[in-house]
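Trainee: Before I ask anything, here is the structure I am working with.
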Amino acid sequence: MKAAVYEGKGQVNVREVPVPDLGEGEVLLAVEACSICGTDLRTYRHGDRKITPPRILGHEFCGRVVESRSPDAGIRAGDRVVMYIVILHGSDRYVEMGRANLSDHRTTMSYHHDGAFAPFVRVPAAAVQQGNLFRVASDIPSDRMSLAEPLGCVMNAHSRLGVGLKDTVAVLGAGPIGIMHAAVARLQGAQKVYVLDSNPGRVDMARRFDIDGALLVRPDGSHRDEIASLTGGFGPDVVIVAASSAAAQNDALQMAARAGRVSFFAGLPKSDPIAPLDVNQIHYKELAVSGSYSEKRSDFQAAFTLLQSGRFPADRIITHHLPIERITEGFRLMESGEALKVCIMPASQP
Ligand SMILES: [Zn+2]
C-alpha cells in the first residue's frame, strides 16, 4: 500500500509499505478519511522527539473494519468507526481520576503506533479491548467524523472553561481549531463569540461561520480596544488561545475581563517555550488560566455525538480533500491559511 511515511524533519514521503499484519486482538481498518492535524504539520517541519521515524502519521481518522481478530463481538467487518487514540498500558492516579490524557501509561496513534495517512491502519489490541473504537451511523460521512479527535481536544479545554449564557468569548487564532472553539462556544450558549487572527484571509474565512465578528490582529494592539468596545468595555469573559504564539498569550491576558477565564489551548514550540507574560494581569484581574492537552474519553464521546448530530459545522471546516499523494500540498495549504482543515482520502487499494 502507498502510505505517507515520516522519515525525519522535512521528510514525509509517499511510498510503498506492507499492509499491516494482524496479531491477536487487533483490528484492520480501511481508512476512508484522515484529516491533517496541526501537530502532523509541526512534526513534518520541525520533527518530534516522541516520534521515531519511520512512522506513518495521521491520527484524525474514520475507517471501515476489514478484519477483526478481536473476541469483542461488537466490532465486525463492515462497521465504520472512529477511534479515541489514547491507549492505556496500566493505571495511575490520573487514569483513576478520569484524566487518562495526562497519564504516563499511555501511547497514541501516529506517535507510538502507525497512523492513518495510509489505505489501511492497524488498531492495537489494547485499544480495541478498552473500547476505543466508536461505531459511526451509516449515513454520516467519514470526512466529517474524522474531526472527532480534534473536536475532542477542543472539548477537553471547554470542560474547564464552562462557557454558558452569561459569557462573551474571544478566540485568538482562526485556524480549524480556533473555528471549532468558536462553534462550541456558540453551541454552549455564549452571548457573543469573536474570532481574531493576524492573517486577513483567515479572518475572511471565519466570517462564514456563525459568530458575532472576526477581527484582524494588528501590531499596534488596536484589536484589543476593538474587542473591549464590542464587550461593553469589559473585555471577553473567556479568551481561548488557539495560536502557538506568546504574543497571543499576552493578548489573551490583557483583553480578558476581570474574573475571566483564559485557556492556553495552544502551546508554544517545544524548542522555545519560555515567554515573558504580564502575570499581573492574572493577579489583579483574578483570572483563571488553564492549559489543555489531548483529550479525555468523555471529551471524545461528546465530540463523536455532536458530529453525528449534524449540529456542528464540520463540513464547512473541512475546506479541502486530497489524495494521499498530495499530502505535502495539504501541509502547505494549512500553513498558508488558504485551507482550514485538509482531509486526506486514502484509496483503499493494497
Ligand atoms: Zn490532532
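Trainee: What value in Å³ per residue do you get for the convex hull of the alpha-carbon atoms in the range 260-317?
Mentor: Taking only Cα atoms, the range 260-317 has a hull volume of 142 Å³ per residue.
Trainee: Between the alpha-carbon centers of the range 180-230 and the range 40-57, tell me the distance in whole angstrom.
Mentor: So the two Cα centres are separated by 31 Å.
Trainee: Per-residue accessible area for Lys2 at 1.4 Å probe radius, Å² rounded to 10?
Mentor: Result for Lys2: roughly 100 Å² accessible.
Trainee: Then there's this: Given 0.36 nm per residue, what is the gain on full extension from Tyr293 to Glu338 after removing their alpha carbon distance, in nm?
Mentor: My answer for the length gained is 13.6 nm.
Trainee: At 7 Å along the Cα-to-beta-carbon direction for both His321 and Tyr284, put a label point, then send me their distance in nm to one decimal.
Mentor: 5.3
Trainee: By the gyration tensor of its Cα atoms, with a ≥ b ≥ c the square roots of the eigenvalues, what is the shape of the range 152-291: rounded for a/c under 1.5, prolate for a/b over b/c, or oblate?
Mentor: It comes out rounded by the Cα gyration axes.
Trainee: Any idea what the dipole of the chain comes to, in debye rounded to 20, about its Cα centre with Lys/Arg Cβ at +1 and Asp/Glu Cβ at -1?
Mentor: Charge dipole of the chain: 260 debye, to the nearest 20.
Trainee: Post the alpha-carbon centroid distance, the range 129-144 to the range 291-350, in whole angstrom.
Mentor: Their Cα centres are 14 Å away from one another.
Trainee: A follow-up question, please. Roughly what would the spin-label model give for Asp92 and Arg218, points 7 Å off Cα along C-beta, in nm?
Mentor: Distance between the two pseudo-spin positions: 4.8 nm.
Trainee: Continuing with this model, one more query. How big is the convex hull of the Cα atoms of the chain, per residue, in Å³?
Mentor: Roughly 130 Å³ of hull volume per residue.
Trainee: So what is the calculated 222 nm ellipticity per residue for the chain, using -39500 (n - 2.57) for each DSSP H run with n of 4 or more, over all residues, to the nearest 500 deg cm²/dmol?
Mentor: The helix-only estimate for the chain comes to -8500 deg cm²/dmol at 222 nm.
Trainee: Can you give the charge dipole size of the range 1-102 about its Cα centre, rounded to the nearest 20 debye, using +1 on the beta carbon of Lys and Arg and -1 on the beta carbon of Asp and Glu?
Mentor: 460
Trainee: Please name which of Pro53, Ile87, Ala182 has its Cα lying farthest along the dipole of the chain towards the positive end, using unit charges on Cβ (Lys, Arg +1; Asp, Glu -1) and the Cα centre as origin.
Mentor: The Cα lying farthest towards the positive end belongs to Ala182.
Trainee: Shape call for the range 26-136 from the C-alpha gyration tensor, a ≥ b ≥ c root eigenvalues: rounded (a/c under 1.5), prolate (a/b greater than b/c) or oblate?
Mentor: Verdict is oblate for the range 26-136.
Trainee: Set the bar at 23 Å for Cα to Cα. Now go through Lys2/Lys270; Lys50/Lys270; Lys166/Lys285 and name every pair that lies beyond it.
Mentor: Lys2/Lys270
Trainee: Counting only the heavy atoms of the protein chains, how much of Ile327 is accessible to a 1.4 Å probe, in Å² to the nearest 10?
Mentor: 0
Trainee: Summing +1 for each Lys or Arg and -1 for each Asp or Glu, what net charge is found among the other residues whose Cβ lies under 14 Å from the Cβ of Arg144?
Mentor: -2
Trainee: Counting Lys and Arg as +1 and Asp and Glu as -1, each charge on the Cβ, what is the dipole of the range 66-168 about the Cα centre in debye, to the nearest 20?
Mentor: Taking the Cα centre of the range 66-168 as origin, the dipole is about 140 debye.
Trainee: Could you work out the local net charge near Pro54, counting Lys and Arg as +1, Asp and Glu as -1, over the other residues with Cβ closer than 10 Å to its Cβ?
Mentor: Neighbour charge sum, excluding Pro54 itself: 0.
Trainee: Pick from Asp251, Asp272, Asp197: which residue has the top mean-square fluctuation in a GNM of the chain where Cα pairs under 10 Å get a spring?
Mentor: Most flexible of the set in this elastic network: Asp272.
Trainee: Could you check which residue among Ile179, Ile318, Ile36 shows the biggest mean-square fluctuation in a GNM of the chain with a 10 Å Cα cutoff?
Mentor: Ile318
The values are calculated or read from the model by the stated rules, or taken from the named source; none is laboratory data. Here the structure is a predicted model, which is why all the values come from computation and not from measurement. Virtual Cβ from ideal backbone geometry, glycine too; neighbours counted across all protein chains shown. Surface accessibility is based on the protein's heavy atoms, side chains included, excluding ligands, DNA and RNA. Shrake-Rupley method; radii C 1.70, N 1.55, O 1.52, S 1.80 Å.
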